[in-house]
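See below for the structure under consideration.
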Amino acid sequence: MGQSVNSVIAYIDSLPRLSKALTLMSQANDILSSRLRSHVEQVAVERDIYFNRLNHLAVREYIREQMSTYGSVYCHRFDVQGESFENLILDIPGSTANQPSPILVGAHYDGVMGSPGADDNGSGVAVLLELGRSLTAHLPPHPIRLVAFDLEEMGLLGSRAYATHLREQQEPLRLMLSLEMLGYCDSTAGSQQYPAGLSAWYPTQGNFIALVGNVFCIREMRRLSRTFRQANLPCEWLAAGLRGKVVPATRRSDHASFWDMGYRAMMVTDTAFLRNPNYHTAGDRPETLDFEFMAKVCVGLEKGLRSLMF
């Protein structure tokens, strides 16, 4: 009986500390949501390379400026029809003496004609930038490479050029993650669609984050799904064969370039056109996104990236 009373007293005494911790956590999430919104609002302009090239260049320079506050940014340049384009790269060192192959985390910054691309892919860029902030503030155990890819909407040209370059240089990667549309959430039943044959196995509500990897990433997808759930975010994952060709819709982002070069890679996504009705339209605007959802994605990713090192 005495032990029970003491346990109750100890629990009551802990409540103020618990309340303070929850308040601080809520405040941190609010700050993160605000930062994510600010990034998206900066890059959510029509930025196709045909009619909005100045906006395209302005978005690239905004990303370069933001990444430069975290470390030295360098470029991987590639040519398309005689014109030069840039992937922007930031290497984050590990905190331990052992420095194995890096995990590469990428997001494309280009857009399609007629759309401001808030979700596609301003949301991925925003999370990439905030990962840079958090991972450089407290270094991960092992290296992480952040890459902002160009010309994904032209057929994955930027990531294909970079993945080919890495393979030619025989440079290994621990893993590649493509951040592809991370901000649209809809809890309405029936809001989530799927490629043929998959709907029986997954939720009908579009309120989760999805991981799509090749079969070599199953262990990593399971680990990441746990860290997302710990961040109070539902998560589903799919192993899409060796290179995703059994489900062609799973190849529609930069991870497919790395699959084709033989790397372990996955996409992190809100499932794009399978959920977001504003995909590739003028309606893909910041006000349609759920920034609390995005903040949970960012928190889950950071924790997941640190846990994937072991």
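The values are calculated or read from the model by the stated rules, or taken from the named source; none is laboratory data. Owing to the predicted nature of the structure, the values given are computational and were not obtained by experimental measurement. Backbone-built Cβ (ideal geometry, glycine too); neighbour counts: all protein chains shown. The protein model used for the area step is the full one, side chains on, heavy atoms only, and it has no ligands, DNA or RNA in it. Shrake-Rupley method; radii C 1.70, N 1.55, O 1.52, S 1.80 Å.
Looking at region 195-209, is at least one residue touching a helix residue (DSSP H, G or I) at 6+ places or on another chain (Cβ under 7 Å) and in a strand (DSSP E or B)? Checked against the condition, which is being touching a helix residue (DSSP H, G or I) at 6+ places or on another chain (Cβ under 7 Å) and in a strand (DSSP E or B), region 195-209 yields at least one hit.
Scanning region 235-248 for residues that are modelled with pLDDT under 95 and under 20 Å from Gly124 (Cα atoms) yields no hits at all. If you take the residues of region 170-204 that are more than 30 Å from Ser33 (Cα to Cα) and not hydrophobic (A, V, I, L, M, F, W, C), which of them is most open to solvent (accessible area, probe 1.4 Å)? It comes out as Gln170.
Scan region 221-241 and tell me whether some residue there is within 27 Å of Met113 (Cα to Cα) and among the small types (Gly, Ala, Ser). Give the steps one after another, and end with the answer.
First, the residues of region 221-241 that are within 27 Å of Met113 (Cα to Cα): none.
No, the conditions are met nowhere in region 221-241.
Checked against (1) open to solvent by 20 Å² or more (accessible area, probe 1.4 Å); (2) on the phi > 0 side of the Ramachandran plot, Leu151 passes all but condition (1). Scanning region 59-118 for residues that are among the small types (Gly, Ala, Ser), assigned to a loop (DSSP other than H, G, I, E, B) and open to solvent by less than 20 Å² (accessible area, probe 1.4 Å) gives Gly94, Gly111, Ser115, Gly117.
For (1) touching a Phe, Trp or Tyr at 6+ places or on another chain (Cβ under 9 Å); (2) part of a loop (DSSP other than H, G, I, E, B), each residue gets a yes or a no:
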residue	(1), (2)
Leu146	yes, no
Ser159	yes, no
Ala163	yes, no
Gln170	no, yes
Ser178	yes, no
Tyr184	yes, yes
Thr188	no, yes
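When the residues of region 239-283 are narrowed to those that are part of a strand (DSSP E or B) and surrounded by 20 or more Cβ atoms within 10 Å (Cβ to Cβ), which ends up nearest to the chain's Cα centre (by Cα)? Here the answer is Val268. Yes or no: Asp150 farther than 18 Å from Arg264 by Cβ, over 18 Å from the mean Cα position of the chain (by Cα) and among the charged types (D, E, K, R)? Against the criterion (farther than 18 Å from Arg264 by Cβ, over 18 Å from the mean Cα position of the chain (by Cα) and among the charged types (D, E, K, R)), Asp150 does not qualify. If we scan region 220-228, do we find a residue that is farther than 21 Å from Asn121 by Cβ, touching a residue at least 40 places away in the same chain (Cβ under 8 Å) and hydroxyl-bearing (Ser, Thr, Tyr)? Taking every residue of region 220-228 in turn, at least one turns out to be farther than 21 Å from Asn121 by Cβ, touching a residue at least 40 places away in the same chain (Cβ under 8 Å) and hydroxyl-bearing (Ser, Thr, Tyr). Return the only residue of Glu287, Glu292, Glu302 being surrounded by 18 or more Cβ atoms within 10 Å (Cβ to Cβ) and farther than 25 Å from Ala161 by Cα. Testing whether each residue is surrounded by 18 or more Cβ atoms within 10 Å (Cβ to Cβ) and farther than 25 Å from Ala161 by Cα leaves just Glu302. For beta carbons closer than 9 Å, sequence separation of 6+ or different chains, a first residue in region 287-302 that is assigned to a loop (DSSP other than H, G, I, E, B) and a second that is open to solvent by 10 Å² or more (accessible area, probe 1.4 Å) and among the basic types (Lys, Arg), the qualifying pairs are Leu289/Arg37. Is it the case that region 227-238 has a residue that's of a type in the set (Ser, Thr, Tyr) and either out of contact with any strand residue (DSSP E or B) (no Cβ under 8 Å at 6 or more places or on another chain) or open to solvent by 50 Å² or more (accessible area, probe 1.4 Å) (or both)? Looking for residues that are of a type in the set (Ser, Thr, Tyr) and either out of contact with any strand residue (DSSP E or B) (no Cβ under 8 Å at 6 or more places or on another chain) or open to solvent by 50 Å² or more (accessible area, probe 1.4 Å) (or both), one finds at least one in region 227-238, hence yes.
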